[in-house]
Each structure stands twice: as C-alpha cells, then as structure tokens.
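Structure record follows, encoded as structure tokens.
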Amino acid sequence: MRRMQVRRGALLEPTARARQLAPQLADALGRMRQLLRPARFDPGAEQRVFRLAMSDYGAAVLLPALLPVLRAEAPQVDLVVSQASREAMTAQVQDGEIDLAFGVFPQLPAALVAQRLFAEEFVCVADRASLGGGAALGLAAWLARPHVLLSLWADSGNEVDLALAQAGARRRVCLTLPHWGVAPALVKGSDLVLTVARRMVPAGAVDQALAVFAPPFAIAPFAFCQLWHRRREDDMAHRWLRQRIAALAGAQ
C-alpha cells in the first residue's frame with residue numbers, strides 16, 4: 001500500500017499523492033454521508049460543522065442575520081469561518097476544504113456553482129470637514145487625494161481601479177488594509193478617501209464627522225455570490241443552509 005504521509009522532522013505531512021486524492025476522497029465521503037443520512041432532513045436535529053469562507057464584508061452582511069436563524073432552527077449546527085483571497089476560496093471549495101464561499105467570483109471551474117445573493121454598488125467615505133462645506137468630490141479633487149484600499153493583497157485587481165483604468169485615470173493608494181474595522185477612524189480628520197461597498201456603511205451607522213457620497217465616475221455594480229461544489233447539490237443540510245442564506249440575503 002502506498003504511503004499517504006511522510007515525516008518532516010517531528011511532523012507527519014501528506015504526500016503529493018495524498019494531496020492529489022483529497023478532492024476525490026472529499027467527494028466520496030460526502031456521498032457516503034448522504035447515504036447514511038435519514039431520508040427527511042430535520043434542521044433541529046442536525047449535528048454538523050459547516051466551513052465558510054468570506055471577507056469581513058461578507059461576515060458583516062451575512063452573519064448578523066444568519067446566526068439567530070441557526071440558533072433558533074438548527075442549534076446544533078456550528079460554523080467555522082475563514083478568510084482568503086477569491087482565488088484561494090475557489091480552490092478551497094473545489095478541493096472540499098470549505099463548504100461555502102462568499103464573494104465575487106467572475107470566473108469559475110465547471111465543477112462549481114455560484115448563486116447571486118444581491119447586487120452591490122460602491123460609495124465613497126471622506127472626512128466631512130475636509131470637503132469644505134461640500135457634500136461630495138468631483139473627479140479631479142477625488143484623484144488629487146490619497147486613498148485607502150480594502151484588499152487582502154496590495155497588488156490584486158479590484159473593481160475601483162479597473163473602472164479607473166477604463167476611464168484613463170489612476171489614483172494614489174497610500175494605505176492598503178485587509179479589513180474594514182479601523183478604516184473609518186483613519187479617514188476621520190484626514191484628507192483620505194475610502195471607496196467601498198455600500199453595505200459596509202449602513203445608513204445611520206456612520207460617524208457624523210464622515211460624509212458618504214457616490215463616486216465621481218462610473219463603477220459597475222458587482223454580484224455578491226455564494227459558491228459551492230456540485231458534489232454538494234444533493235446534500236440536504238447543505239441545501240438547507242444555502243436556501244436560508246439566500247432568503248436572508250434577498251437573493252436576486
């Protein structure tokens with residue numbers, strides 16, 4: 001029998017063959033799990049851990065509505081949430097490492113399925129006092145300011161800079177952050193501009209010292225999706241979770 005692990009010092013690591021077999025094994029285990037499950041699905045009796053991948057944007061949009069539903073309808077279902085780039089999330093779904101990924105997925109392997117949960121647009125956030133009494137910035141003034149970019153990777157493409165490039169313009173990004181939490185505090189009292197998805201800045205939840213306005217150039221809305229492998233299509237618990245998330249997000 002071929003070895004599936006090799007020793008690296010004090011640790012055992014999977015061999016290249018084991019890593020190659022991992023997706024097929026995940027598929028086989030998933031099918032076996034379905035065969036052993038009862039014909040009818042009862043969320044209240046389900047004992048399951050779902051592995052989800054999403055950014056802090058996805059967590060802010062989805063989890064506050066999802067967690068109360070799980071506690072009420074499926075109290076023994078647990079979630080493990082991780083964060084990665086969209087390329088890494090796609091690979092993790094394909095390899096069976098995670099059950100659902102959430103984000104923007106413009107290109108997908110044939111084995112994966114994406115469902116659009118909603119369409120999202122962008123807004124800009126800037127210090128209100130720095131606008132000099134105005135409510136927004138024109139394109140020239142917007143480009144003259146330094147910008148904050150929310151991205152896991154500084155050199156990864158993003159919808160804002162792609163739209164700027166199509167317009168023949170380029171901004172200066174002076175700070176790249178992988179998460180939203182501290183961004184508003186950094187913009188407050190500065191000349192920085194932050195351009196983010198609208199749902200990151202819900203009405204009434206923004207510091208009054210900050211102004212929220214439409215970008216001074218066209219940025220196409222993006223589709224926020226949930227992503228899963230086709231091998232999960234007949235998994236009743238997985239399907240139930242997908243449907244609950246889609247309903248909570250108002251899937252369009």
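The values are calculated or read from the model by the stated rules, or taken from the named source; none is laboratory data. Just so it is clear, the model here is predicted, and its values are computed rather than measured. Cβ: placed from backbone, ideal geometry, glycine included. Neighbour counts: every protein chain shown. To get the accessible areas, we keep the full protein, side chains included, count just its heavy atoms, and leave off ligands, DNA and RNA. Shrake-Rupley method; radii C 1.70, N 1.55, O 1.52, S 1.80 Å.
Observations, loosely collected:
- Computed over neighbours whose Cβ is under 15 Å from that of A144, the net charge equals +2, Lys and Arg +1, Asp and Glu -1.
- About the centre of its Cα atoms, the stretch 96-159 shows a dipole size close to 280 debye [charges on the beta carbon of Lys, Arg (+1) and Asp, Glu (-1) only; nearest 20 debye].
- The local environment of E121, defined by Cβ-Cβ distances under 15 Å, has a net charge of +1 under the rule Lys, Arg +1 and Asp, Glu -1.
- Given charges at Cβ of Lys, Arg, Asp, Glu: the stretch 97-187 dipole, positive-most of A183, G132, G103: G132
- Here the stretch 79-233 is treated with +1 on each Lys and Arg Cβ and -1 on each Asp and Glu Cβ, and its dipole about the Cα centre works out to around 240 debye.
- With every protein chain in place, the stretch 195-237: carbon and sulfur % of accessible area (1.4 Å): 54
- Separation in nanometres of the label points that stand 7 Å from Cα toward Cβ, at E87 and L63: 2.6
- Summing +1 for each Lys or Arg and -1 for each Asp or Glu among the other residues whose beta-carbon sits under 10 angstrom from that of M200 gives 0.
- Rolling a 1.4 Å probe over the heavy atoms of the protein chains gives the stretch 128-198 an accessible area of 54 Å² per residue.
- Heavy atoms of C174: accessible area, 1.4 Å probe, square angstrom to 10: 60
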